[in-house]
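Rule-based calculations on the coordinates, nothing more; no lab input. Given the structure is predicted, the values throughout are model-derived calculations rather than measurements. For neighbour counting, all protein chains shown are included, and Cβ atoms are generated from backbone atoms with ideal geometry for every residue, glycine included.
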Amino acid sequence: MKNSKSIYTVIKRLLDILFSGILLTFLLVPMAIIWIAVCLSSSGGGIFRQKRVGREGRAFVCYKFRTMYKSAPPSCPSSRLAEAEKYITPIGRLLRRASLDELPQLFNVLKGDMSLVGPRPLILEEKEVHAKRKENGVYALRPGMTGLSQVSGRDAVSDEKKVELDTMYLLRLGFWQDAKILGITVGRVLTGNGINRA
C-alpha cells in the first residue's frame with residue numbers, strides 16, 4: 001500500500017506539471033487582463049505574495065491576485081479578520097466569488113511548491129494547526145490549490161476538522177480521490193457556490 005502511494009506521488013507530480021502547464025498556456029492572457037484590472041482598481045501591485053507552509057514544513061511564497069486593500073493585515077486569514085469585508089476591494093470581491101484570485105498559484109504548482117489537490121497551505125502564524133498536521137504526517141504532501149477540507153464545509157469547518165480531513169486525504173491518497181475533489185471544485189466554481197477560503 002505504501003509503495004503504491006509512493007508511485008502515485010510521482011504520477012501526481014507529473015500530472016501537476018502537465019495540467020498546470022496546459023492551463024497556464026490557455027489562461028495567460030485572461031490572467032494578464034485580471035492583473036491589469038487589479039492594479040488599476042486600487043493602489044498596490046496585482047499579485048499578493050505571502051509566505052505559507054508547504055511540504056516537509058518548509059515555507060514558500062504563495063501567489064494570488066490581490067483582492068484586498070494595502071491597509072489589510074498581511075498575516076491574518078481573511079476568514080479570521082473582524083469586518084473582513086471592509087478590506088476587500090470591489091474587484092477582489094468578484095475574483096473571490098469566482099475563485100479567480102487563486103489562478104497565480106498555477107505557477108506554484110508548476111514550480112513544485114504546490115499540487116492541484118492537497119491540504120491548503122497555511123500561513124506561518126497558524127502554529128497550533130501546523131503542529132497537528134506535522135503530528136499526523138500531513139506535511140509529507142505538497143499543499144494544494146484545492147483539497148478535501150475545502151470541498152467539505154467551506155469556512156464553517158473548524159481547525160480540528162480541517163486537520164482531520166487533511167489526514168483522511170493523506171490516508172486515502174490516490175487518483176480517484178483527487179479526480180473527485182477536482183470535479184467538485186470545478187462544479188462549485190461554475191455554479192458560484194465557491195469553496196473554502198484560505
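The convex hull built on the alpha-carbon positions of the chain has an orientation-averaged projected area of 10.5 nm².
What the Cβ-Cβ distance of R13 and W176 gives, at R0 = 22 Å and to the nearest 0.05, is a FRET efficiency of 0.80. Note on L190 and N136: the extension gain reaches 16.1 nm, defined as 0.36 nm multiplied by sequence separation minus the Cα-Cα distance. Taking the chain as a Gaussian network of alpha-carbon nodes connected by springs under 10 Å, the highest mean-square fluctuation of the residues D113, D101, D159 belongs to D159. The modelled label-to-label distance for the pair R58/S71, using points 7 Å beyond Cα in the direction of Cβ, is 3.9 nm. Note on the chain: antiparallel DSSP beta bridges, both residues inside, total approximately 80 percent of the bridges counted. List the pairs from K12/K86; K5/K134; K111/K162 whose alpha-carbon separation is above 29 Å, in the order I gave them. Those over the limit are K12/K86. Candidates V163, G137, A72 compared by Cα position along the dipole of region 2-191: farthest toward the positive end lies G137, with charges placed on Cβ.
Annotation: aspartates and glutamates with alpha-carbon distance below 14 angstrom to K132 (same-chain offsets under eight excluded): E56, D159, E160, E164, D166.
The modelled label-to-label distance between L23 and A37, using points 7 Å beyond Cα along the C-beta direction, is 1.8 nm.
The length gained by stretching the chain between S158 and N3 to full extension, at 0.36 nm per residue less their Cα-Cα distance, is 52.6 nm. For Q50, the amide hydrogen comes within under 5 Å of the amide hydrogens of C62, counting only partners 5 or more places away or on other chains and with H modelled in the peptide plane.
Here's how it looks for R120: its modeled amide H is under 5 Å from those of G144, which are all 5 or more places away or on a different chain. Sorting the segments 37-49, 133-145 by their mean number of nearby beta carbons within 10 angstrom, highest to lowest, gives 133-145, 37-49.
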